[in-house]
Amino acid sequence: MSSDLSRRVAAIWRIEGARIVATLARIVGDLATAEDLAQDAVAEALVQWPREGVPHNPGAWLTAVAKRRAIDGWRRAQNLDDKYRLIGADLTEIVDADWQPIDDDVLRLVFAACHPALGREAQVALTLKVVGGLDTESIARLFLVSVPTMQQRIVRAKKALSAARVPFEVPEPTEWAARRDAVLSVVYLIFTEGYSASGGDVVLRTELAHEAIRLGRVVNRLLPREPEALGLSALMELQASRFAARVNADGDAVLLADQDRRRWDRSAISRGSMLLDRADALARGRGPYQLQAAIARCHAEATSVETTDWEHIVLLYEALGRAAPSPVVELNRAVAVSMASGPLEALAMVDRLRDAGALRGSHLLPSVRGELLSRLGRTDEARAALLVAAERTRNEREAALLRRKAAALG
């Protein structure tokens, strides 16, 4: 099998995987079984498609194959009558039928995986795996834990859902509040991975980011007066407005200071700004997503890095640090401080994080530290920090950029 076909199958899975698993979960009533069936269908595609060609609607092909495998399993278990009633009219034997996105099924899957039977981190990790299509290594990096730890967490979450016999349906409105925060976290982290891929050889995974934006809009229809849902959608629209300018013609990352702001999507900026205004109009105080959206709006409204209101951004990061404290927020605040007050004060903040052992193993801290040291003229230290950051990142494009910056220091 050619590497081109392997990449195409992987791309199809990234786009269609969540809907396929969601459809199967609704039919078989079990997330782990649904995921196994879907993976079996992908394995069959890797055998058949090199001989027969990729079908016109590969998502429908994979779904139909997985459904037939489910029926085969039920036949072996001699439980056909009840199972046929479950699958009912939903089964189609036409493999190449028109494939229609099943938005409600994806939303059911998000809410089901964010069931209160699971702990918060397990809810988010499992949903990122199944709905976001992220591999375990990427999820582990997002949570700053080891891959074996994350593998165990996901396996335990699947078993807990099966044991609890969780129905794959959108819960009643009275149950939404218990799942809201986890659902928003999932959407946010899916978008984060799309906005800045944690691994591989691409800067952006736009299909993932746009799926997160779509899910955010669906959540807003369910929760039209939830400020943080509006704030998250505002944040994603504002961040996505930069996509066209974030990579060059070769696919390499373009830093904020070097981006052609004429290529920013003004309609997305307008949508994000209006969503943030709607959230603010509810007058409940800004939560973490609204604060991040306000920071993104400061960048979007500035005509250049130099004209950006960095003092206001520092204040917003201080508020964010109180609402949702984390080393990443503090690191971002240090970057804003460096622009508002100079690199020396910011370097002291970064060194305090380093000395406290924060973000150990992450490329983020040495990357920022290298930039600050460079601005202070401490070239040798800056080069060393940037090379450490390049070693730590798993994104090949980002590593190449860091190495180029280190080399440019001479």
Q) Counting residues that are modelled with pLDDT of 85 or more, which helices (runs of 4 or more DSSP H) fully inside the stretch 30-115 reach at least 1? A) 31-52, 58-76
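Residue under question is ALA385, and the condition is that it be assigned by TED's automatic domain parsing to the domain that holds SER338, touching a His at 6+ places or on another chain (Cβ under 7 Å) and crowded, with 20+ Cβ neighbours inside 10 Å; does it hold?
No: the conditions fail for ALA385.
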Q. Just a yes or no: is a residue in the stretch 9-28 surrounded by fewer than 15 Cβ atoms within 10 Å (Cβ to Cβ), of a type outside the set (Ser, Thr, Tyr), modelled with pLDDT of 75 or more and in a helix (DSSP H, G or I)?
A. yes
Q: Read through the list (1) small (Gly, Ala, Ser); (2) modelled with pLDDT under 95; (3) in contact with a helix residue (DSSP H, G or I) (Cβ under 8 Å, 6 or more places away or on another chain), then give the number of the only condition that ALA336 fails.
A: (2)
Q: Could you tell me which residue of the stretch 318-374 is nearest to ALA296 (Cα to Cα), considering only residues that are hydroxyl-bearing (Ser, Thr, Tyr) and more than 22 Å from the chain's Cα centre (by Cα)?
A: SER338
Q: Name every residue in the stretch 337-363 that is free of Cβ contacts under 8 Å to residues at least 60 places away in the same chain, within 26 Å of GLY199 (Cα to Cα), buried (at least 20 other Cβ atoms within 10 Å of the Cβ) and out of contact with any Asp or Glu (no Cβ under 8 Å at 6 or more places or on another chain), in order of residue number.
A: VAL350
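Any idea which residue in the stretch 152-168 is nearest to the chain's Cα centre (by Cα), counting only those that are surrounded by 16 or more Cβ atoms within 10 Å (Cβ to Cβ) and under 18 Å from ALA34 (Cα atoms)?
Selected residue: ILE154.
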Q | Cross-chain or 6+ apart pairs with Cβ under 9 Å, the stretch 145-166 first and on the phi > 0 side of the Ramachandran plot, then surrounded by 14 or more Cβ atoms within 10 Å (Cβ to Cβ) | A | ARG165/GLY29; ARG165/ASP30
(Q) For the stretch 133-151, which positions are within 20 Å of THR33 (Cβ to Cβ) and either among the aromatic types (Phe, Trp, Tyr) or touching a Leu at 6+ places or on another chain (Cβ under 9 Å) (or both)? (A) GLY133
Q: State whether one or more residues within the stretch 318-336 are β-branched (Val, Ile, Thr) and part of a loop (DSSP other than H, G, I, E, B).
A: no
Q: Select from the stretch 357-402 the residues that are closer than 27 Å to ALA340 by Cα and among the basic types (Lys, Arg) and list them in ascending order.
A: ARG360, ARG369, ARG375, ARG378, ARG383
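The values are calculated or read from the model by the stated rules, or taken from the named source; none is laboratory data. On a predicted model such as this, the values are computed, not experimentally measured, just so you know. So basically every Cβ, Gly included, is an ideal-geometry build from the backbone, and we count neighbours across all protein chains shown.
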